[in-house]
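Colleague: First the structure, which I've put down as structure tokens, then a few questions once you've had a look.
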Amino acid sequence: MPADKTLTNLVRYNWLIDSPLESVVSSYIKALRGQRYADRTIRIYLGCLAHFGFWLKAEELELTHVDSSLIKRFVREHLPACTCPVPCYDSVGCSGAALRHLLKILMRSQPSPTMAKDPVTIELTRFAEYLTDTCGLSSATRDSRAQHVGAFLYDVGVTDTVSVLSLSATDIDAYFSTLTSRLRPASLRIVCNSLRSYFRYRAVRGDETDGLAAALPRIADWRRATLPKVLSDAELTAFLDAFDRTDPLACVTMPSRAAC
């Protein structure tokens, strides 16, 4: 019987514990609980993790081989053509999110030589250090921004800092077009702020990123305005003057309209 309730009746639980990922399951669950993820979401992510673990074992890969390029290979190449036994979690969106959390956990642990060579992992680590040491952000804000930047870099296919400089406004527009259907304006603003912070970091390092920062969409932040409970004398006069008082029918309907 699994010790954690999210593992109870988990689809392909055996794939998870009989894979190279078995040693990180507990820390993975703890990390998600620390970020207040719902049990249902944690269970879905664990299902995605189980699928990834099954694939790792089939490919004869170890935990030390896991990096952003391997995750991208699994999400972009394996999932669309997956022939693994059903049932299994094969959602590209959920798998990408679940494996980004895994990568963060592995980054915080002692990095293996393989992981240390991954350019995107190194870039996110340096960005996180900049947010903490230079900007003085809290660990929660730092992790949130690094996560959003990592998702962006993986999605647009960035493999190193040179690739970042080759990005265009079209790449940013295409990325946000995939987010607008599933994120609320408040969440989209957080993503924009994270990317703006990253482009500012690249500018500090000497890169020209003004064009990329300017290409970020401006998310509307309309505040709900309440209607006045009563009209002022001037507003009431203007309202009454809008009716033709020489028309008997208008005079009859005017009181009811004024009461609306």
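Colleague: Would you please name the trypsin sites (Lys or Arg not before Pro) within the range 1-61 that are DSSP coil residues with at most 10 other C-beta atoms within 10 Å of their C-beta?
Modeller: 36
Colleague: Can you give the net charge of the other residues whose Cβ lies under 11 Å from the Cβ of residue 73, counting K and R as +1 and D and E as -1?
Modeller: Taking every Cβ under 11 Å from that of residue 73, the sum is -1.
Colleague: So what's the range 118-227 giving for Cα Rg divided by 2.2 N^0.38 Å, two decimals?
Modeller: This ratio for the range 118-227 stands at 1.11.
Colleague: Does the range 25-115 come out rounded, prolate or oblate, given a ≥ b ≥ c as the square roots of the eigenvalues of its C-alpha gyration tensor, rounded meaning a/c under 1.5 and, failing that, prolate meaning a/b above b/c?
Modeller: Judged from the Cα gyration tensor, the range 25-115 comes out oblate (a/c at least 1.5, b/c at or above a/b).
Colleague: A further question follows. Excluding residue 60 itself, what net charge comes from residues whose Cβ is under 15 Å from its Cβ, given Lys and Arg +1 and Asp and Glu -1?
Modeller: Charge balance in the 15 Å sphere: -1.
Colleague: Turning to a different aspect of this structure: Using R₀ = 35 Å, calculate the FRET efficiency as 1/(1 + (r/R₀)^6) where r is the Cβ-Cβ separation of residue 156 and residue 5; round to 0.05.
Modeller: In this case the efficiency is close to 0.40.
Colleague: For the range 118-227, give the magnitude of the charge dipole about the Cα centre (Cβ charges: +1 Lys/Arg, -1 Asp/Glu; no others), in debye to the nearest 20.
Modeller: 680 debye
Colleague: Still on this structure: In straight Cα distance, which aspartates and glutamates are under 16 Å from residue 104, not counting same-chain residues fewer than 8 positions off?
Modeller: The reachable aspartates and glutamates, counting only those whose Cα sits under 16 Å from residue 104, are 67, 118, 123, 129, 143.
Colleague: What FRET efficiency do you get for residue 40 and residue 232 if R0 is 45 Å and r is their Cβ-Cβ distance, rounded to the nearest 0.05?
Modeller: With a Förster radius of 45 Å, E is 0.30.
Every read-out reported here was derived from the displayed coordinates using simple, explicitly stated rules and does not represent laboratory data. Note that the structure is predicted; figures quoted are calculated from it, not measured. Here Cβ is always computed from backbone atoms with ideal geometry, including for glycine, and neighbour counts include all displayed protein chains.
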